[in-house]
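Chemist: One structure coming up, written as structure tokens, with questions to follow.
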Ligand SMILES: C[S@@+](CC[C@H](N)C(=O)[O-])C[C@H]1O[C@@H](n2cnc3c(N)ncnc32)[C@H](O)[C@@H]1O
């Protein structure tokens, strides 16, 4: 199987050298953060106000309800991501995920603005749905975070039972809060689903070792997870997805498209800055997903661009 990591270019090494100097790295991080907050405001998503409202809550009960205190985190996960020192394991990233997703996805399509995130998820489902043999009844969302991908799946498959799996108990606490709000009839702009759908189950665990039962799901989905994984973990997740699926079931994921012209044309220093916040991006870009999925027990997958910079990969269980 092809699983190589390309060597960094000279300009990438220079940027990496600069980022290794902490005060310069912090300056770059703060600047990027301010730009994101400004962008969110410009599309009608009041970042600071929304995060302040979430921060004002007492989260201890939500956290206790979702956290598995016996979980051992994989080493690759316990590192900084997205310019947060604590990576995915903290309140700041958990409370900023939604506004950040809206800001980041606002520019996928021109004029998308605050609808960019929803449009991205809908474009994934539009690729996925015609490829499914039957309407899925039981769905697992791997790397579900605060539930944006789970709620979007629920809107696309309103009769399905949803299970969201994530390694961050902080993110899951927010997901739980969102479900509680919806059950109480207080849906928010961020959910995209209706109050009559069933309540998702939130599981604090690793996508490669979910602890969920064998052959019990029709669809295993993962949105924007794989660019956060080293290749060994990605391959282990493919195997876990195969284990979870029923005969005739499908595994699907949506993530950055390494073949997108946007990355090919991106100035190397910007790409290096991006990689400094995504520690496994090189490994993700170099992974031969077609080969790896077939080796994990799937038929040859389809790979379809669903946005100018994302792809949808769908693989059916091999009979
Ligand atoms: C970029 S977020 C995407 C979240 C969500 N699926 C969405 O589309 O908005 C990636 C998520 O994957 C989770 N994650 C990363 N590695 C994981 C693993 N091995 N097992 C479970 N979750 C993982 C992170 O905690 C984070 O919530």
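Chemist: Sort 81, 226, 238 by Cβ crowding within 10 Å, fewest neighbours at the top.
Modeler: 81, 226, 238
Chemist: Still on this structure, I have one more. Stretch residue 263-residue 42 to full length: gain in nm at 0.36 nm per residue minus the Cα-Cα span?
Modeler: 77.1 nm
Chemist: Nearest 0.05, what FRET efficiency do residue 137 and residue 199 give at R0 = 22 Å with Cβ-Cβ as r?
Modeler: 0.90
Chemist: While we're on this one: With a 10 Å cut-off between alpha carbons and a GNM built on the chain, which of 93, 46, 158 moves the most?
Modeler: Comparing 93, 46, 158 in a Gaussian network model of the chain, the most mobile one is 46.
Chemist: How much length is gained on full extension from residue 82 to residue 246, taking 0.36 nm per residue of separation minus their Cα-Cα distance?
Modeler: 55.5 nm
Chemist: I've got another one for you. Label residue 214 and residue 58 with points 7 Å out from Cα along Cα→Cβ: what is the distance between them in nm?
Modeler: 4.6
Chemist: Right, here's the next one. Per DSSP H run of at least 4 residues, take -39500 (n - 2.57); add these up for the chain, divide by its residues and hand me the 222 nm value, nearest 500 deg cm²/dmol.
Modeler: Helix contribution divided over all residues of the chain: -13500 deg cm²/dmol.
Chemist: Also, quick follow-up: Rounded to whole Å, give me the distance from the Cα center of region 117-148 to that of region 265-319.
Modeler: 17
Chemist: If you restrict to DSSP beta bridges whose two residues both lie in the chain, what percentage is antiparallel, to the nearest 5?
Modeler: For the chain, the DSSP antiparallel bridge percentage is about 45.
Chemist: Just check region 59-102 against the gyration tensor rule for me: Cα atoms, a ≥ b ≥ c as the square roots of the eigenvalues, rounded for a/c under 1.5, and otherwise prolate or oblate depending on whether a/b exceeds b/c.
Modeler: oblate
Chemist: In a Gaussian network model over the chain where Cα atoms closer than 10 Å are linked, find which of 222, 94, 52 has the largest mean-square fluctuation.
Modeler: Maximum fluctuation in the GNM of the chain, among the listed residues, is at 52.
Chemist: Moving on. Please report how far the C-alpha centroid of region 19-74 lies from that of region 158-185, rounded to the nearest whole angstrom.
Modeler: For region 19-74 versus region 158-185, the Cα centre distance is 18 Å.
Chemist: Mind checking the full-extension length gain between residue 75 and residue 114? Use 0.36 nm per residue of separation minus the Cα-Cα distance, one decimal, nm.
Modeler: This chain segment gains 10.5 nm when fully extended.
Chemist: For a quick check: sort 43, 37 by the number of other beta carbons within 10 angstrom, fewest at the front.
Modeler: Fewest-to-most ranking of 43, 37: 43, 37.
Chemist: Which whole-number percentage describes the relative contact order of the chain, with Cα contacts under 8 Å and a sequence gap of 6 or more?
Modeler: Value for the chain: 20 percent.
Chemist: Taking the inverse of the average 1/r across all pairs of different Cα atoms in region 75-222, what Kirkwood radius in Å do you get?
Modeler: It works out to 16.0 Å.
Chemist: Ok, one more. Plugging the Kirkwood radius over Cα pairs into Stokes-Einstein for region 244-290, at a temperature of 37 °C and a viscosity of 0.692 mPa s, what D comes out in µm²/s?
Modeler: After rounding, the answer is 257 µm²/s.
Chemist: Only Cα pairs within less than 10 Å get springs; with that Gaussian network setup on the chain, which residue of 34, 131, 291 has the largest fluctuation?
Modeler: 34
Chemist: Okay, next question. What's the exposure ranking of 146, 51, going from fewest to most Cβ atoms within 10 Å?
Modeler: 51, 146
Bear in mind these aren't lab numbers, they're just calculated from the coordinates by the rules spelled out. Treat the numbers as computed from the prediction; the structure is a model and nothing was measured. Here the Cβ is made from the backbone with ideal geometry for all residues, glycine too, and neighbour counts use every protein chain on show.
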